[in-house]
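A.B. asks: Have a look at this one before I ask anything.
Quick note: the coordinates plus some simple rules give every number you see, no bench work behind them. Given the structure is predicted, the values throughout are model-derived calculations rather than measurements. Here the Cβ positions follow ideal geometry from the backbone for every residue, glycine too, while neighbour counts run over all protein chains shown.
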Amino acid sequence: MRELLFATGEHLLIVALSMIVATLVGVGLGILSSWKKRLGTVIITIAEIVQTIPSLALLALLMIIFGLGNLTMGIALVLYALLPIIRNTQVALTELPPAIIDAARGMGMSRSQRLTQVEIPLAIPMIFGGIKVALVNSLSIAVMGVLIGSGGLGYIIYRGIQQRNFARILIGAIPVVVIALFFDWAMTKIEQRLSTHTK
């Protein structure tokens, strides 16, 4: 039981830290993509290419550069999480009603003021949706970290495979599924409330 609790805590910590970084970077790149259309196309294309790289291949490449451990897994999670956050942020900002943006300009707001006081608050529900997708995916992908010396629930699953112990595999796998489903449900509820408040 202690091993399971420790592995679950480590799993959540790795994912949480990665998501903080991915959210900051992803939202920033999404804003930049909405301002600079051509650059935005390049940014999203690169993020899409990263998304198509098999997890084992990406982990192997990152392991060569950064070595074994949680740092390498964290970087991989950040890279995989960027696409939905960038894309949702860009789409949310570019699809805002022009009348609202024009009204903000008419009030004398600068670009940064419009962004922080008008555009981001209105775009939050869709941005949050991208973060939700990235988080749920990260919770599953983090299991692969055991292959590069990272901790988390993947360690329990891997030990179960080594020992051919089906029960041990389930002990590691079930918490991953339950946690992912819980966050998907909880964040969907929050997303719905955010959408209601911005209407």
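A.B. asks: Rounded to two decimals, what is the ratio between the C-alpha radius of gyration of the range 62-107 and 2.2 N^0.38 Å? Write down the numbers at each step before the final one.
C.D. replies: On the way: Rg = 18.6 Å, N = 46, 2.2 N^0.38 = 9.4 Å.
That ratio works out to 1.97.
A.B. asks: If you average the alpha carbon positions of the range 108-184 and of the range 1-80, how far apart do those two centres end up, in angstrom?
C.D. replies: When both Cα centres are located, 10 Å separates them.
A.B. asks: Before rounding to the nearest 500, sum -39500 (n - 2.57) across all DSSP H runs of length at least 4 in the chain and divide by the residue total; then give [θ] at 222 nm in deg cm²/dmol.
C.D. replies: Details: 9 runs with 165 residues, N = 199.
So the calculated ellipticity at 222 nm is -28000 deg cm²/dmol.
A.B. asks: Give me the angle, in degrees from 0 to 90, between the Cα long axis of helix 120-141 and the longest principal axis of the Cα atoms of the chain, rounded to the nearest 10.
C.D. replies: Roughly 10 degrees, rounded to the nearest 10.
A.B. asks: Right, something else. Could you work out the Kirkwood radius for the range 89-185, taking every pair of different alpha carbons, averaging 1/r and inverting it, reported in Å? Provide the component values of the computation, followed by the final result.
C.D. replies: Details: mean 1/r = 0.0607 Å⁻¹.
That comes to 16.5 Å for the range 89-185.
A.B. asks: Quick one: grab Rg to one decimal and Dmax as a whole number for the chain, Cα atoms only, in Å.
C.D. replies: 19.3, 68
A.B. asks: Could you tell me which trypsin sites (Lys or Arg not before Pro) in the range 1-67 are loop residues by DSSP with no more than 13 other beta carbons within 10 angstrom of their beta carbon? Display every interim value, and only then the final one.
C.D. replies: On the way: sites: Arg2, Lys36, Lys37, Arg38; in loops: Lys36.
Answer by residue number: Lys36.
A.B. asks: Can you pull the three principal axis extents for the Cα set of the range 1-56, in Å, largest first?
C.D. replies: Over the range 1-56, Cα extents along the principal axes are 52, 24, 8 Å.
A.B. asks: On to the next question. Taking loop as defined by DSSP and a crowding limit of 15 other beta carbons within 10 Å, which trypsin sites (Lys or Arg not before Pro) in the range 77-186 fit?
C.D. replies: Of the trypsin sites (Lys or Arg not before Pro), the ones in loops of the range 77-186 whose Cβ has at most 15 other Cβ atoms within 10 Å are Arg164.
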